[in-house]
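The values are calculated or read from the model by the stated rules, or taken from the named source; none is laboratory data. Keep in mind it's a predicted model, so treat the numbers as computed, not measured. Here the Cβ positions follow ideal geometry from the backbone for every residue, glycine too, while neighbour counts run over all protein chains shown.
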């Protein structure tokens, strides 16, 4: 069977979600192939972050389904902690635990959820930190680090459980412009290593550079998707054109 | 071309300038206490009161009994504080449970906290200290000391659990999201992410509660527990001299002032930590 080779990593089918009576995601269909990087763009409130959080079930959804390697994430065999081991997420505001050192932040899930011994977990964490040039910060507390360093730690923490998929939710939005570069380089690195990623971002230049495919969301729907070059230079849909026009006027592209 | 001269740094006050505010505060405080002392001792009844309350001889005589009583206060305080710290945290957790199946537990916790906070601690101690020993429950001690301490633990736990709850609610939701996203269970999230931060948030308030408890142990005197206040009352009843109460007051003061300073220091460290975080 050749089709199994083409099985998408994530398959989102007719996903619909309400917050109360407000429709935030409207029949969203999206397949993400293994090793593919998909960027979600769109105005605030268009549903990008919500879509991301549905993928690792931080938010419940109302209709439709999400398959991870062909397995329904709401199926009985899919435990929360297994799903979250396979799908890591990094948040806009880092959400590191302020009362733990960088090392403890990173090793918490491996030790407590996956039962890896402390020495082993710490060794893996140190190796990861070294890859991201953060080994000197292992013993620091998060509030001693710059925003850029904190966000890199958050990415390392999400990577510590060896996920197949990484979800990034506006990871540079809270950073000073001079710190953004370091974080984006890490993400580029991860892409080169074949990580499957879904990225919500306002950095259009970055999306253009790193994405295999860009999806433009508006009012809970994917209005347009395509190759970044095509979508950023020759958007077909009127809403996409307006959005990109505003971005260009704001000097963000 | 105009040249700019760098303005010099502000002048450091001389030693004399520094000492003046200190002198002023010392002198004004001294004048205040001299005036207050003169005013009180000018009262006609002062010699009588002085003999009744500030008799050095009576103080010396009552001191051993009062001090022995105070040692009991300290023991009760430490034992009660340990149980309060644990029990109130369990109450706070029970109250914050969200799973519908835990509704009876949550409901019981709310009922308990409301009921206990609605009754004066003194009344609770009277009821426990006199009522429960009368039941002669098999397997339980029937001393007023035991049940009075239990009443104190129950009363303080209700208040302290609300302090913990406030601390837990002050931990931002995003911390929970982060812990859940890492695959931690509800209990692991509480244990590793929420509670350690909650305790840090409310540590000064918890210590403040401990200072309050240290003195409320004296309430057990009403059910006949021979702690410091009871011991000094016994002396007073025998000699009609109240100086033993002053002895007890001084002992309480000596114990609580260091605790208060310690609390201040913890609160200050907490403040500094928060300031660093916002930088």
Problem set entry | Verdict on residue B:151 being over 18 Å from the mean Cα position of the chain (by Cα) and either touching a residue at least 12 places away in the same chain (Cβ under 8 Å) or within 30 Å of residue A:89 (Cβ to Cβ) (or both) | no
For this session: Mind listing just one residue for me: the one in segment B:266-279 that is surrounded by fewer than 12 Cβ atoms within 10 Å (Cβ to Cβ) and at pLDDT 75 or above and, of those, farthest from the other protein chains (Cβ to nearest Cβ)?
Result: B:268
Exercise. Could you count how many residues in segment A:201-241 are closer than 28 Å to residue A:22 by Cα and free of Cβ contacts under 8 Å to residues at least 12 places away in the same chain?
Worked result: 2
For this session: Please find, among A:227, A:189, A:169, the residue that is within 28 Å of residue A:82 (Cβ to Cβ) and in contact with a strand residue (DSSP E or B) (Cβ under 8 Å, 6 or more places away or on another chain).
Result: A:169
Exercise. Of all helices (runs of 4 or more DSSP H) completely enclosed by segment A:48-164, which ones contain at least 3 residues that are more than 11 Å from chain B (Cβ to nearest Cβ), over 30 Å from residue B:272 (Cβ atoms) and in contact with a strand residue (DSSP E or B) (Cβ under 7 Å, 6 or more places away or on another chain)?
Worked result: A:48-55
Seminar exercise, completed: Residue count, segment B:99-122, condition surrounded by 13 or more Cβ atoms within 10 Å (Cβ to Cβ) and under 20 Å from the mean Cα position of the chain (by Cα), comes to 6
Problem set entry | Yes/no for residue A:39 being at negative phi and within 14 Å of another protein chain (Cβ to nearest Cβ) | no
Exercise. Where residues in segment A:100-140 are in contact (Cβ under 8 Å) with a residue 24 or more places away in the chain and over 24 Å from the mean Cα position of the chain (by Cα), which of them is surrounded by the most Cβ atoms within 10 Å (Cβ to Cβ)?
Worked result: A:140
